[in-house]
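Notes follow the structure.
The values are calculated or read from the model by the stated rules, or taken from the named source; none is laboratory data. Remember, it's a predicted structure, so these values are computed and weren't measured experimentally. Cβ atoms come from the backbone with ideal geometry, glycine included; neighbour counts cover every protein chain shown. Just the protein is used for accessible areas: all its heavy atoms, side chains included, with ligands, DNA and RNA removed. Shrake-Rupley method; radii C 1.70, N 1.55, O 1.52, S 1.80 Å.
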Amino acid sequence: MPQTNLSSSRRNFVQRFSAGLGALSLSSALPRLAAATSKGKSGKLGIALVGLGNYSTKQLAPAFEHAKGCYLAGIVTGTKAKEAVWKEKYGIKPQNVYNYDNFESIASNKDIDIVYIVLPNSMHAEYTIRAARAGKHVICEKPMALSVAEGQSMIDACRENDVMLSIGYRLHFDPNTREIMKLAAEKPYGNVRYVQSEVAFTIGDPTQWRLKKDMAGGGAVMDVGIYCIQAARYATGEEPIAIRAQEFKTDWEKFKDVDETVSWQLEFPSGAYSSSTTSYNMRTNRLYVSYQKGAANLEPATKYTGIKGQIQKRILDVTPISQQARQMDGFAQSVRSGTPSIVPGEEGLKDMKVIEALYRSLANGGKRTLI
Ligand code: NAD
């Protein structure tokens with residue numbers, strides 16, 4: 001499939017497929033969780049990476065070295081030159097190398113249990129749905145889709161094809177981040193009153209897909225603001241009910257298509273409140289949580305190299321782990337045991353609902369908007 005036609009063909013594909021799903025879902029029984037895999041209980045599950053850009057090359061592929069329950073079995077790439085390099089470096093069998101045109105034939109490949117979508121955001125829905133129809137379990141990178149409707153069509157496709165769907169929320173597998181989640185569940189310091197989360201970086205190349213609305217769906221909000229939404233949700237353990245959002249722009253040329261800097265506030269049912277800022281034009285990476293009787297903070301809160309921080313006076317000094325290895329192992333274990341992923345498609349959809357409400361609030365001049 002030529003890259004230039006991908007956006008419109010993706011839209012058509014999702015529309016056609018979603019329409020078909022409507023009819024299917026009326027007659028189908030409840031989904032089974034996991035399809036049997038060919039590996040048995042002791043073998044590692046095979047993962048195929050789809051899209052060999054930065055994240056696949058620098059984070060996911062090296063992480064397999066630390067994985068215990070899965071291995072890099074295959075690749076899907078549109079760049080011929082990458083095939084030989086990856087085959088050689090990771091010992092990938094020639095028959096496990098696919099491109100975007102012959103991707104469907106992955107269906108008959110018994111080495112590949114899980115397909116991991118690491119493509120630009122606008123391609124997540126199409127490739128998740130194609131992988132599900134090929135009978136493969138799917139991990140899809142964040143943000144799961146460009147809209148709630150697309151995200152729902154991905155969940156439906158996986159359910160219809162009896163495969164599991166997980167979103168690449170690696171922080172749910174990080175021990176220090178899990179401590180923050182535990183405080184929300186066990187409340188040793190009482191209820192959460194306030195969360196502050198900020199994730200921002202200075203983006204480079206002005207021609208990249210992240211700055212094109214049709215490929216990225218939005219700017220900093222879609223890319224890293226989603227971590228702030230995640231943080232507010234897992235630090236409170238609640239789902240937000242309303243949002244107010246404000247946008248700031250300094251470079252109207254570079255960010256003509258997408259948001260540069262956005263701040264927003266979320267209201268939670270308990271009365272907890274969060275305040276966040278994301279940007280493509282500054283650097284910050286932190287999470288602060290204020291409880292009735294204490295506080296916790298993580299800084300950095302989302303970096304691959306290790307999440308650090310403290311809860312009251314206790315320093316969180318867990319030795320850094322490979323978040324990606326734990327995340328892929330975690331999903332492999334879910335598939336093997338038929339236990340739901342801790343970050344299923346539904347988790348991604350909750351963030352998409354907040355993001356849609358955020359953009360609605362921006363369009364309405366920052367008015368309080370129900371989620
Ligand atoms: P990237 O631009 O480095 O890689 C994208 C890949 O998609 C490239 O190999 C490119 O060749 C391929 N591609 C296929 N068709 C394309 C097209 N039409 N236009 C552009 N590229 C096309 O991006 P990345 O940083 O690897 O991000 C990929 C996905 O992973 C994004 O959804 C991003 O949000 C996500 N991501 C997640 C994390 C995380 O920590 N979970 C970190 C980085 C990126």
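Quick notes on this structure:
- The candidates Y100, Y127, arranged from most to least accessible area with a 1.4 Å probe in the full protein assembly, appear as Y100, Y127.
- The gain in end-to-end length when the Q95 to Q333 segment is fully stretched comes to 83.1 nm, 0.36 nm per residue minus the alpha carbon separation.
- Under a model in which nothing but the beta-carbon of Lys, Arg (+1) and Asp, Glu (-1) is charged, the chain shows a dipole of about 560 debye around its Cα centre.
- Sulfur and carbon atoms: percent of accessible area, the chain [1.4 Å]: 52 percent
- For L316, the residues whose modelled amide H falls within less than 5 Å of its own, excluding neighbours fewer than 5 places apart on the same chain, are G309, Q310, I311.
- Charge-dipole axis of segment 239-304 as Lys and Arg at +1 and Asp and Glu at -1 on Cβ define it, positive-most pick from S274, N297, W264: N297
- The Cα-based radius of gyration and maximum Cα-Cα distance (Dmax) for segment 228-285 are 13.2, 41 Å.
- Of the residues R336, R233, R133, ranked by 1.4 Å probe accessible area with the largest first, the sequence reads R133, R336, R233.
- Cα shape, segment 121-273, gyration tensor, a/c 1.5 rule: oblate
- Per-residue surface analysis assigns W264 an accessible area of about 0 Å², computed on protein heavy atoms at 1.4 Å probe radius.
- Our summary gives segment 268-357 a relative contact order of 13 percent, counting only alpha carbon pairs under 8 angstrom and 6 or more residues apart.
- Whether segment 130-170 is rounded, prolate or oblate, judged on the alpha carbon gyration tensor where a/c under 1.5 counts as rounded: oblate
- Dipole of the chain, positive direction: furthest Cα of G78, V224, L358, with charges on the beta-carbon: V224
- Convex hull (Cα only) mean projected area of the chain, reported in nm² to one decimal: 18.6 nm²
- Most to least accessible of T339, T278 (protein chains only, probe 1.4 Å): T339, T278
- Using a probe of 1.4 Å, the accessible surface attributed to I75 totals some 0 Å² when neighbouring protein chains are kept in position.
- Whether segment 100-194 is rounded, prolate or oblate, judged on the alpha carbon gyration tensor where a/c under 1.5 counts as rounded: prolate
- Solvent-accessible heavy-atom area per residue, rounded to whole Å², over segment 178-230 at 1.4 Å: 41 Å²
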